[in-house]
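One structure is given here, and the rest of the page talks about it.
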Amino acid sequence: MAVPLSYSMRNLWKRRLTTGLTVAGMALVVFVFAAVLMMAEGLQKTLVETGSYDNVVVFRKGSSSEVMSGIERQQTSIVEMLPQVAIGPGGRRLLAKEAVVLISLPKRGAGKASSHSNVVVRGVQENSLPLRPQVKLVSGRLFRMGSSEVIVGNSIAKGFEGVGLQGTLNWGQRRWTVVGIFDAGNTGFSSEIWGDVDQVMQAFRRPVYSSLVFKLRDPNVFDTAKTAIETDPRLTLEAKRETRYYLDQSEMMAKFLRILGMSLTVIFSIGAIIGAMITMYTAVANRIGEIGTMRALGFRRRSILAAFLAESLLLGSLGGAAGLFFASFMQFITVSTVNFQTFSELAFKFTLTVPIVLQAMAFSLVMGLIGGVLPALRASRMKIVEALRAS
Amino acid sequence: MILLKILFRNAFRNRLRSGLTILGITVAILAFGLLRTVIDAWYSGVEAASASRLVTRNAISIIFPLPLAYNEKIRQIEGVKHVSYGNWFGGIYIDEKNFFANFCVEPRTYMEIYPEFVLTPPEKKAFLADRKGFIAGRKLAARFGWKIGDTVTLRGTIYPGNWDFVLRGLYRGRDETIDETQFLFHWDYLNETMKKVSPRRADQVGFYMISITRPDLAPDVAIAIDMAFKNSLAETLTETEKAFNQGFIAMSGAIVTAIQMVSFVVILIIMAVVANTMAMTTRERIGDYAIMKTLGFGAGAIAVMIFGESFVIALTGTLTGMLLTYPAAAAFGHSLSNYFPIFLVSDVTLWLDLAAALLIAFCAGVIPTRHAIRVRIADGLRRIG
C-alpha cells in the first residue's frame with residue numbers, strides 16, 4: 001500500500017521556512033535556465049519572422065551578411081530578368097535593389113560618449129514595401145523618393161537619441177529628416193532606418209547595391225532560380241530564401257546564448273540539488289520514529305521510498321513553477337544588443353514557448369529527484385526496531 | 001580560542017549537512033569567480049589598450065573607409081609621433097567556426113606603435129621583406145599547428161576570393177594580458193590586389209592608429225585630427241584606443257549585464273541553501289540555547305555562537321572555492337581561448353568572493369539568531385527534536 005500523498009505535502013508545510021528556502025533556491029535556478037532559453041528563442045524568432053518564405057535574397061558570393069555584399073548594377077538587371085521573378089500589379093517585377101550600410105548612433109539615456117551602436121540603414125525602392133508586408137507605418141508619412149527623408153523602425157526610435165519624428169541625422173554632408181516611424185512587429189526591420197536607395201548610395205558614395213530581394217512567381221521554383229543565379233558566369237552571386245538567410249544570421253548568437261545558459265544552469269543546479277539534499281536528509285533524520293512506526297504498521301520499504309521521493313519531487317515542481325512564474329514576466333522585456341554576426345543592433349523580446357516550459361519543469365523535477373534519491377534510500381533502508389528505538 | 005573551538009565543533013556536529021553546505025558554497029563561489037573572470041575577459045581589450053594611442057575611423061561608422069591620403073595629413077598634426085593604418089580583413093580559415101581576428105596593417109609603423117607585440121629580429125626582418133607574409137600570435141599558431149614558412153589560405157568575406165599568406169613570424173605578448181591570437185599581414189598585399197580586381201576599393205584605409213608624444217595631449221590631438229577633416233566627404237572620429245575598444249563592448253552591453261546579474265543570482269541561490277542549513281541547525285539546538293540562557297549567557301553570546309558558526313561554514317566553503325578557481329580558470333580559459341584570448345583571475349574577483357562569503361554568512365544567520373534569542377527558556381527546554 002502506498003503512503004498517501006498528503007503525508008508528503010503536510011511534511012513540507014510543517015517546515016515552511018526550510019521548504020521555502022529550498023524552493024527559492026530551485027526557483028532561481030529554473031528562472032535563469034528559462035530566461036536564457038527565452039532569450040535565445042526570442043532572438044531566433046525575431047530573425048525568422050523577418051524573412052518571408054517566398055522571398056529570395058541575392059548577395060555577393062562568400063559574404064555572410066548584406067553589409068559585406070556588393071552587386072554591380074549590370075548584374076542586378078540580369079537577375080531582374082529571370083523568369084522566376086513574380087510580376088506585381090501594373091506589370092512591374094516584384095524585385096527590389098537595396099543598399100545596406102551601418103551607421104553609428106548614440107544610444108538613448110546612456111550619457112557616455114562611448115555608448116554608440118551600429119544601426120542598419122537600408123536604402124529601398126518602391127517595391128521593397130510590398131515585398132515586406134510586415135512593415136506598417138504607425139506615425140508620420142512615408143519618405144518621398146528622391147528626397148533626403150527617412151523613416152525609422154520603432155525599436156530604433158525608442159532606443160536611440162535624436163531619431164524621433166522630425167529628428168535630423170547627418171551623414172554624407174547631408175541632413176536627413178525623419179518623416180515617419182514604422183512598426184514591423186517582432187522582426188529585424190524594426191531595428192532599421194529606411195530611405196530612398198539612390199539617395200543613400202549617393203550620400204555614402206557607394207556605386208553598388210548590397211542585395212536584391214525578389215518574390216518568387218511560385219514558392220516551388222526556388223531551386224531553379226537559385227541554380228540560374230549561381231551558375232550564370234556573368235554573376236558572382238549567391239541566393240537564399242529570405243527565411244533561411246535570416247535564420248543563418250541568428251545561428252551564432254543563439255548558439256552562444258544556449259551554450260552559456262546550459263553551462264550556467266548545470267553549475268547552478270548543483271547548488272540547488274545540494275539544498276534539496278540537505279532538506280531531505282534532515283526531513284528523514286527528524287522522522288526516524290515516524291518511519292519506524294509506518295514500517296511497523298505494514299508499509300513496505302518501497303512505499304517509504306516513494307513517499308520521500310514524492311516529497312522531493314514536490315519540492316522540485318514547486319521550485320519549477322515558481323521559477324517559471326517569475327520568468328514569464330520577462331516576456332515584457334525587450335533586449336537590444338548587437339548581433340555578433342551582422343555587427344548591427346537588433347531588438348528582440350524574451351519569448352516563452354511550450355517546449356521551454358516543459359524543459360524547465362523537467363529540469364526542476366530532475367533536480368528534485370537527484371536531491372531526494374539518497375535521503376529516500378536511507379529512509380527506506382532503516383530497520384524497524386532501530387528506528388522505533390531512536391525516538 | 002575556546003570560542004573558536006566551540007564554533008568549529010558546532011559547525012561540524014552534523015558532518016553530512018555541513019559537508020554538503022560547504023560543497024554547495026564551494027561550487028557557488030567557483031561559479032561566481034568564473035563568471036566574474038568571463039566579464040573581465042570581455043573587458044581585457046580595454047584593459048590592455050593604451051591611453052596614449054589614438055584610433056581614427058570614419059565618423060559614420062566603422063564599416064566606412066578613410067582615404068589613404070589622410071595619413072600624411074595626420075602626421076603633420078602637432079603631438080603625433082607615429083601613424084599606422086590597417087583594415088579589418090574578416091577572412092575565414094577553412095570554416096566559420098575557426099574565428100580569429102585578422103587585420104592587414106602597415107607593418108613598419110605598426111611595430112613602432114605596438115611594442116607589446118614582440119618578434120625576434122630575424123622574424124621581423126623576414127616578415128617585412130615578404131609582402132605575402134603574415135605574423136600570428138603564438139597561441140593562434142599553436143591552435144592550428146602552423147609553423148614558420150607554412151602557407152595559410154583565408155577566404156575573404158569583405159574582400160572576395162581566396163588569399164594565400166606565408167607565416168613569417170610568431171609574436172609573443174610582452175606580458176600575459178596581451179592578446180596572442182591575432183593574424184596580421186601587409187596592407188600593401190590587400191591594396192595591390194584591390195587595385196587590380198576592384199580599383200574603386202583601393203587606397204582605402206579602415207582605421208588609423210596614432211601614437212602621440214605625451215599622453216596628456218590625447219584630447220587635443222584627437223580634436224585637431226577631427227577638425228582637419230571636418231566637412232569633408234569622409235569625416236573622422238578620433239578617440240583613445242581605450243574608448244575605441246570600450247565602444248565595441250558597449251554594443252554587447254546587454255549580454256555583459258545579463259552575465260553580471262546571473263553571477264549575483266548564484267550567490268542568492270547559495271544564500272538560500274546556507275540559510276536553510278542554519279535554520280535547521282538552530283532548530284535542532286534550541287534546547288542548548290535555552291540551557292545557555294539558564295546559565296546566564298546573554299543574547300550577545302548566543303548571536304556570536306550562531307553567526308560564528310555561519311561564518312565558519314561560509315568561509316571554509318569560500319576559501320576552498322577560491323583555491324579551486326585558479327585551476328578551473330586555467331582549464332576553462334584553455335577551452336575558450338577562441339572567444340577569450342585573455343582569461344585571468346583578477347584580485348578584485350577574489351575580494352568579491354570574500355565579500356560574498358561574508359554577506360552569505362550574515363544573511364543566513366539573521367533569522368535563526370532572532371529566533372534563538374526570542375525563544376523563552378521554558379519553551380526551549382520543553383521542545384525536543
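The values are calculated or read from the model by the stated rules, or taken from the named source; none is laboratory data. Since we're looking at a predicted model, the values are computed, not measured. Please note: Cβ atoms are built from the backbone with ideal geometry, for glycine as well, and neighbour counts cover all protein chains shown.
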Qualifying position, being within 14 Å of another protein chain (Cβ to nearest Cβ), touching a residue at least 60 places away in the same chain (Cβ under 8 Å), buried (at least 21 other Cβ atoms within 10 Å of the Cβ) and in contact with a helix residue (DSSP H, G or I) (Cβ under 9 Å, 6 or more places away or on another chain), among B:G33, B:G90: B:G33
A:E126 being among the acidic types (D, E), more than 14 Å from chain B (Cβ to nearest Cβ) and free of Cβ contacts under 8 Å to residues at least 40 places away in the same chain: yes
Qualifying residues in the range A:262-301 (those that are over 30 Å from A:A27 (Cβ atoms) and small (G, A, S)) - the one nearest to the other protein chains (Cβ to nearest Cβ): A:G289
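Condition check ((1) over 28 Å from the mean Cα position of the chain (by Cα); (2) in contact (Cβ under 8 Å) with a residue 60 or more places away in the chain; (3) surrounded by 19 or more Cβ atoms within 10 Å (Cβ to Cβ); (4) assigned by TED's automatic domain parsing to the domain that holds A:T279) across all residues:
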| residue | (1), (2), (3), (4) |
| --- | --- |
| A:R302 | yes, yes, no, yes |
| A:L305 | yes, yes, yes, yes |
| A:E311 | yes, yes, yes, yes |
| A:S317 | no, no, no, yes |
| A:I333 | no, no, no, yes |
| A:G371 | yes, yes, yes, yes |
| A:A379 | yes, yes, yes, yes |
Criterion: in contact with a helix residue (DSSP H, G or I) (Cβ under 9 Å, 6 or more places away or on another chain), closer than 26 Å to A:V32 by Cβ and either buried (at least 21 other Cβ atoms within 10 Å of the Cβ) or small (G, A, S) (or both) - qualifying residue of A:M277, A:M262: A:M277
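Residue-by-condition table, conditions (1) over 29 Å from the mean Cα position of the chain (by Cα); (2) assigned to a strand (DSSP E or B); (3) more than 14 Å from chain A (Cβ to nearest Cβ):
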site	(1), (2), (3)
B:T193	yes, no, yes
B:K196	yes, no, yes
B:S211	no, yes, yes
B:E239	no, yes, no
B:F244	no, no, no
Selection count, the range A:354-369, where residues are closer than 13 Å to A:I270 by Cα and crowded, with 21+ Cβ neighbours inside 10 Å: 4
Among the candidates A:V135, A:V30, A:V58, residue that is modelled with pLDDT of 90 or more and closer than 26 Å to B:R155 by Cβ: A:V58
The range A:193-225: number of residues that are of a type in the set (D, E, K, R) and within 27 Å of B:S198 (Cβ to Cβ): 4
Qualifying residues in the range A:19-73 (those that are surrounded by fewer than 24 Cβ atoms within 10 Å (Cβ to Cβ), within 8 Å of another protein chain (Cβ to nearest Cβ) and over 21 Å from the mean Cα position of the chain (by Cα)) - the one nearest to A:G185 (Cα to Cα): A:V67
Number of the exception - A:L82 against (1) within 14 Å of chain B (Cβ to nearest Cβ); (2) in a loop (DSSP other than H, G, I, E, B); (3) aliphatic (A, V, I, L, M): (1)
Filter result (in contact (Cβ under 8 Å) with a residue 12 or more places away in the chain and either out of contact with any Asp or Glu (no Cβ under 9 Å at 6 or more places or on another chain) or over 9 Å from A:G172 (Cα atoms) (or both)) within the range B:225-241: B:I225, B:D226, B:A228, B:F229, B:A234, B:T236, B:L237, B:T238, B:E239, B:T240, B:E241
Among the residues listed as A:I304, A:I333, the single one being within 14 Å of chain B (Cβ to nearest Cβ) and either under 30 Å from A:K158 (Cβ atoms) or modelled with pLDDT under 95 (or both): A:I333
In the range B:47-85, the residues that are buried (at least 18 other Cβ atoms within 10 Å of the Cβ) and assigned to a helix (DSSP H, G or I): B:A48, B:Y70, B:I74
Strands (runs of 3 or more DSSP E) contained entirely in the range B:90-164, each with at least 2 residues that are aliphatic (A, V, I, L, M): B:133-137, B:151-155
